[in-house]
Amino acid sequence: MKEKVGTMDNQKLYEQRNQIIAAFLVAAFIGLFNETALNMAFAQLIVDFKTDASTIQWLTTGYLLTLGILVPLSSLLMQRFTTRQLFIVSLLFSIIGTCVSAISPTFALLLVGRIIQAVGTAIILPLMMQVVLMIYPINQRGAAMGKIGLVIIFAPAIGPTIAGFVMEHFSWHSIFWISLPFLLISFVLGLKFVQNVSEVRIVKFDGVSIALSTIGFGGIVYGFSISGKLGTFMTIEVVSSLMIGALGIILFCLRQVKMEQPMLNLKVFSFPMYNIGMLLVIIVHMTILATMVLLPIYLQNILLLAPMIAGLTLLPGGVINAFMAVASGHIFDRFGPRIMVPIGLFLEIIALLFLRTIDAETSVYFIVIFHILMFVGISLASMPAQTNGLNQLPRQLYPDGTAFMNTLQQVAGAIGTAVSITIMSISKTNFISQNGASTTNEFAGSINGVQHALTFSLILAILAFVLSFFMKRVQEDK
């Protein structure tokens, strides 16, 4: 049974779509900004709450874990509730979570605030993509998705820089207070402009599917997050989490195939360009998150830069990406992905080839130049590949397609970060064991670890480059 909601007429929709997307972009930017910004405050949080790094790390792990659990449910939510209802609820979660975090006197309350924030982000990300697919024709989606690409890549990249500046002058509470006005602006814009752009239908909440999804995706994100913190995959906690997560996902998929009305429709995987686009997005997102962890470690621990200076070093790449993400969307609308995606991945490969050579003598300007080149390449490749894949789906599969894309992006981010940190840790340990324990060898081992971890990102970029040649432009709207 389908229930028609109060959708806008096409003319009014086209007139207001920029304002609609603006409300989503502001909310999504703050959500993704909060994903990485608090990392710069970990040292101060350890002191303030009189605890250790492994406990504080839960502020990030809990955030990612919530995204990994809730994003798969977004398809169900987008079919069951209206666009406007979901937008308002997501902003309320984000605002409440931000306020709770800002006033938190204890670690436990801060963690609760972070989880509430993550609930809002988990709803807004797939909903934003769903709205773009509904209100833009296929020949204009590239430009709109380019703006989303700006947010998805730029927000987490700029988070540590802004947080580093805030920590130089204020307390960690201010990181949340500066987010609050933007969320309120987004909320007001949404109340005025966001309307229902699709139909809702009565969809049953299948408790078994929700449980399997939670165990599956949650287990994978948790396992990789913990492995990154421990610096190894070979622990009972990590292996058991990954095995339980994998089993949960397998059982979840088997159940969806048998259900008449699945929570997530696996028919999206019958469209080849969607599959290629999703694989490219997964690989690129893994390299983004990996380098976003590795380069700050290198800049602070090897080049011995202050956190704020390290953040400023990586700022130009994020700013250039902001402009390139929008530009690449317009290029995609005109020329399609066949040429620009391979070129973008080739530029990323060149950048990573040079970045993997960094050592204690490397100039900061060297890092800036090739970090910019890497993000130019990512901008040319990531969102065009994603847009082309989603374009192949029929309209009734948009909620499922965006839910899968966003879920696997979050999982890929956790995997990319964890694997890179683990490779770095193992390489450093092996170097020291082979050359002897000393201050000099420990320093050299750290350099060796970063180099090997960046080589992992390079291999991923090469795999994506090869895969990009199988991509074809989707021409017709469904």
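A few points about this structure:
- Lys pairs, the chain - Cα-Cα below 17 angstrom, 8 or more residues apart or on other chains: 6
- Two-site FRET efficiency, Leu353 against Ile202, from Cβ-Cβ distance with R₀ of 60 Å, rounded to 0.05: 0.65
- Here the peptides 296-305, 21-30 are ranked by packing, the mean other Cβ count within 10 Å, and the order with the highest first is 21-30, 296-305.
- Label-point separation, Arg473 to His173 (7 Å along Cα→Cβ), nm: 5.5 nm
- Pairwise label distance in nanometres, Glu442 with Arg338, each label 7 Å out on the Cα-Cβ vector: 5.7 nm
- Calculated over the chain: convex hull of Cα atoms, volume per residue (Å³): 136 Å³
- Highest average first, the peptides 178-191, 32-45 ordered by how many other beta carbon atoms sit within 10 Å of their residues are 32-45, 178-191.
- The distance separating the Cα centre of the stretch 207-227 from that of the stretch 142-191 comes to 27 Å.
- Length-normalised contact order for the stretch 291-448 - Cα pairs under 8 Å, 6+ apart - percent: 27 percent
- Estimated from helices alone, the mean residue ellipticity of the chain at 222 nm is -27500 deg cm²/dmol (sum of -39500 (n - 2.57) over DSSP H runs with n ≥ 4, per residue).
- Applying the criteria of a DSSP loop state and at most 12 other Cβ atoms within 10 Å to the chymotrypsin sites (Phe, Trp or Tyr not before Pro) of the stretch 399-478 yields Phe469, Phe470.
- For the stretch 1-203, averaging the sequence separation of C-alpha pairs within contact (under 8 Å, six or more residues apart) and dividing by the residue count gives a relative contact order of 45 percent.
- In Hz, Karplus ³J(HN,Hα) per residue of the stretch 456-471 (6.51, -1.76, 1.60; θ = phi - 60°; x = Gly, Pro): 4, 5, 4, 4, 4, 4, 5, 4, 5, 4, 5, 5, 5, 6, 8, 7
- Helix 180-193 and the longest principal axis of the C-alpha atoms of the chain enclose an angle of approximately 20°.
- Ordering of 245-254, 269-278 by packing is 269-278, 245-254, highest average first (other Cβ atoms within 10 Å, averaged per residue).
- Size check on the stretch 284-438: the Cα extents along the three principal axes, sorted descending, read 61, 29, 27 Å.
- Other-chain or far-sequence residues with amide H under 5 Å of Val200's (modelled H): Glu3, Val5
- Its relative contact order, with pairs defined as Cα atoms under 8 Å and 6+ residues apart, puts the chain at 23 percent.
- Inter-label distance for Val319 and Ile88, nm, one decimal - labels placed 7 Å from Cα along Cα-to-Cβ: 4.0 nm
- Under the Karplus curve 6.51 cos²θ - 1.76 cosθ + 1.60, θ = phi - 60°, whole-Hz ³J(HN,Hα) for the stretch 97-105, x wherever Gly or Pro sits: x, 5, 5, 4, 5, 5, 9, 4, x
- Three-way shape call for the stretch 177-240 based on the alpha-carbon gyration tensor, with the a/c threshold at 1.5: oblate
- For the stretch 282-291, 3J(HN,Hα) per residue [Karplus equation, 6.51 cos²θ - 1.76 cosθ + 1.60, θ = phi - 60°, Hz, x = Gly/Pro]: 4, 5, 5, 5, 4, 5, 4, 5, 5, 5
- Cα-based helix-to-principal-axis angle, 10-37 vs the chain, degrees rounded to 10: 20 degrees
- Length added when fully stretched, Ala22-Phe49, from 0.36 nm per residue minus Cα-Cα: 6.0 nm
Bear in mind that the values in this text are calculations on the coordinates, not laboratory data. As the structure is a computational prediction, the values presented were derived from the model and not from experiment. Quick reminder, even Gly has a Cβ in these numbers, built from the backbone with ideal geometry, and neighbours come from all protein chains shown.
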